[in-house]
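The values are calculated or read from the model by the stated rules, or taken from the named source; none is laboratory data. Source: prediction; values computed, not measured. In this analysis, Cβ positions are derived from the backbone assuming ideal geometry, glycine residues included, and neighbour counts consider all displayed protein chains.
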């Protein structure tokens, strides 16, 4: 899930990181996911289903993981490093209260990715880097309807992180094609997006195209 090189070489570019809607029917959503991934560059998909049982979560993984992996898009699971390993995911994303991060790193091993939410905290981000995270996620940068955002981040934290560390950063929280430019310019390696793609009035494919165009224009 490395950043894409810019055309003609130079500094790495910013890429899309899609997070699934908070509720979905896997078979139906698989079609939306395929259309989104076929519409333009996407680095990763994170399955984030908070309010389902483990059997339903396993079924969703089994349906959606092949859609992403067959297109060389990393498929990550929110919260559950153990299930990510069992179900053949490419990694897991953990919040600050989602279990033991060090244990998750051991479970995932060197072949699978670990991402950690760091809110707007430089300290948490450095801790995540020290224990072997593959990326750190900062946010929320903008108001979001997806979850209650208790922490607000500013683009300056992306600038600081990019200057100080090589570990990739993910920006999250209310990001759209209209507001993403400052985050791209600040050095975000990935933009994590939910509503701007899945709720786009012209469909998910149009959402992906709009965001990739906005990234390129920034």
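Residues of region 128-158 that are assigned to a strand (DSSP E or B) and over 29 Å from residue 103 (Cβ atoms): none at all.
Would you mind stating whether residue 55 is over 24 Å from residue 181 (Cα atoms) and free of Cβ contacts under 8 Å to residues at least 24 places away in the same chain? Here the answer is yes, as residue 55 does meet what is asked. For region 153-165, the criterion of being without any contact (Cβ under 8 Å) to a residue 40 or more places away in the chain, farther than 17 Å from residue 126 by Cα and in contact with a strand residue (DSSP E or B) (Cβ under 7 Å, 6 or more places away or on another chain) is met by none of the residues. Exactly one residue out of 94, 107 is at pLDDT 95 or above and within 18 Å of the chain's Cα centre (by Cα), and it is 94.
From 133, 137, 74, 125, which residue is in contact (Cβ under 8 Å) with a residue 60 or more places away in the chain, within 16 Å of the chain's Cα centre (by Cα) and under 30 Å from residue 218 (Cα atoms)? On inspection, the qualifying residue turns out to be 74. Being buried (at least 21 other Cβ atoms within 10 Å of the Cβ), within 28 Å of residue 158 (Cα to Cα) and at pLDDT 95 or above: is that true of residue 48 here? For residue 48, the condition - buried (at least 21 other Cβ atoms within 10 Å of the Cβ), within 28 Å of residue 158 (Cα to Cα) and at pLDDT 95 or above - is not met. Every condition in (1) surrounded by fewer than 19 Cβ atoms within 10 Å (Cβ to Cβ); (2) within 22 Å of residue 73 (Cβ to Cβ); (3) free of Cβ contacts under 8 Å to residues at least 24 places away in the same chain is met by residue 205 except one, and the failing one is (3).
Residue check: residue 140 meets all listed conditions (1) surrounded by 17 or more Cβ atoms within 10 Å (Cβ to Cβ); (2) in contact with a helix residue (DSSP H, G or I) (Cβ under 9 Å, 6 or more places away or on another chain); (3) under 20 Å from residue 198 (Cα atoms) but one, namely (2). Residue count for region 183-202 under the criterion of being under 21 Å from residue 24 (Cα atoms), touching a helix residue (DSSP H, G or I) at 6+ places or on another chain (Cβ under 7 Å) and not in a helix (DSSP H, G or I): the result is 2.
One residue alone among 158, 167 is modelled with pLDDT of 95 or more, touching a helix residue (DSSP H, G or I) at 6+ places or on another chain (Cβ under 6 Å), under 18 Å from residue 93 (Cα atoms) and surrounded by 16 or more Cβ atoms within 10 Å (Cβ to Cβ), and that residue is 167.
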